[in-house]
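Structure record follows, encoded as structure tokens.
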Amino acid sequence: MTVAAGALHIQRLSVVREGGRRALDSIDLSIGAGERVAVIGPSGAGKTTLLRVLATALRQSDGGLEVLQLDPWTLGARARRRLRARIGLIHQAPPLPPRQRVVTTVLAGRLGAWPLWKALASLAHPADIEGAREVLAKLDLADRVFDRCDRLSGGQAQRAGIARVLYQRPEVILADEPVSSLDPALANHTVGVLVAEAARRGVTLVASLHAVDLALAHFPRIVGLRDGRVLFDLPTPSIDGTLLDHLYAQEGFPPTQEGRPLETLRLPPAAEPRCR
């Protein structure tokens, strides 16, 4: 798929693990500024590795990487930190300080943009309680604003991590299984909020998702990974059951939120899919 130059570009990129196993194998992928892309594939396909590379948290073994039109690994340490401040990374299990209040955790998303005095002062007296409450409200967490993070359930912690990144207002959001701990209705709502906020702000969003139905419902473009390679990269209307069966052949069926049969998803027929 050809897209406009913009946020993310990788060319023949590989990540080789100890023992020679390739977690990513000669991947080509371009994602334009403001695009919203879901990455799907079976366990061990390389989805998390891909997001870590795009977040500059992991250096590739081979190939080229550009993030916001910069090669992060030719930058000095300070410039690379500035680049990382423009990227929001949503973890499957967000690293929330257990004794910190939710409001402080959310406001931490903006620490890189605040002067040092404001960042330090906000740790003792939250600088923007209403701003934190507003973004938490979109994720049905406004009533937990002053709770400690260790009082949150796994699903609430995931949503607090999303709130922190939304409050950060980055140029690129990378989300690694951001709703894996949520029930289907709440997962659908939360992904909808994330996609809508990215669209409203013109932010590039790349999310890895376990549930195929979530990806199909919310994202206009789908990348299928298997064995560290891009199996397909297509507009969502071009995805059909045959492609998904091929992608998840090792697992036996494409996973959905409630384990529903693939037929109930009512997928449209493929329009000349271009596989890799």
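FYI, it's all coordinate maths here, none of it is from the lab. The shown structure was predicted, so the numbers you read here are calculated from the model rather than taken from an experiment. With ideal geometry, Cβ positions are generated from the backbone for all residues, glycine too; neighbour counts draw on all protein chains shown.
The Cα-based radius of gyration and maximum Cα-Cα distance (Dmax) for the range 1-90 are 13.0, 38 Å. Ranked by how many other Cβ atoms sit within 10 Å of their own Cβ, fewest first, the residues Leu247, Leu234, Leu68, Leu209 fall in the order Leu68, Leu234, Leu247, Leu209.
Bridge orientation summary for the chain: considering DSSP beta bridges with both residues in this region, about 55 percent are antiparallel. Does the range 170-226 come out rounded, prolate or oblate by the C-alpha gyration tensor, with a ≥ b ≥ c the root eigenvalues, rounded set by a/c under 1.5 and, if not, prolate when a/b is larger than b/c and oblate if not? Oblate, because a/c is 1.5 or more while a/b does not exceed b/c.
For the chain, pairs of C-alpha atoms spaced more than 24 angstrom apart make up 50 percent of the total. Between the range 196-216 and the range 218-261, what's the alpha-carbon centroid distance in Å? Measuring centre to centre over Cα atoms gives 15 Å. Neighbour counts of C-beta atoms inside 10 Å place Thr74, Thr256 in the sequence Thr74, Thr256, starting with the fewest. Over the chain, Cα pairs under 8 Å with separation of 6+ residues give a relative contact order of 24 percent. Per-residue ellipticity at 222 nm from helix content only, as computed over the chain with -39500 (n - 2.57) for each DSSP H run of at least four residues, stands at -9000 deg cm²/dmol.
Annotation: amide H of Ser26 within the under-5 Å range of Leu13, Ser14, Val15, sequence separation 5 or more or interchain, hydrogens built in the peptide plane. Each of Ala185 and Ser43 was given a label point 7 Å from its Cα along the Cα-to-Cβ line. The distance between the two points is 2.8 nm.
Between Asp240 and Arg148, the C-beta separation translates, for a Förster distance of 45 Å, into a calculated FRET efficiency of about 0.45. Given +1 at the Cβ of Lys and Arg, -1 at the Cβ of Asp and Glu and no other charges, the dipole of the range 1-107 around its Cα centre is 580 debye to the nearest 20. The value of relative contact order for the range 32-117, using C-alpha pairs under 8 Å at least six residues apart, is 16 percent. Full extension of the chain segment joining Ala137 with Asp62 gains 22.7 nm, where the gain is 0.36 nm per residue of separation less the Cα-Cα distance.
For the range 163-238, build the charge dipole from Cβ charges (+1 Lys, Arg; -1 Asp, Glu) around the Cα centre, then report which of Val212, Pro184, Val195 sits farthest towards its positive end. Final value for the positive-end residue is Val195. Judged by the mean number of other Cβ atoms found within 10 Å, the most tightly packed of the peptides 215-223, 46-54, 181-189, 89-97 leads the ranking 46-54, 215-223, 89-97, 181-189.
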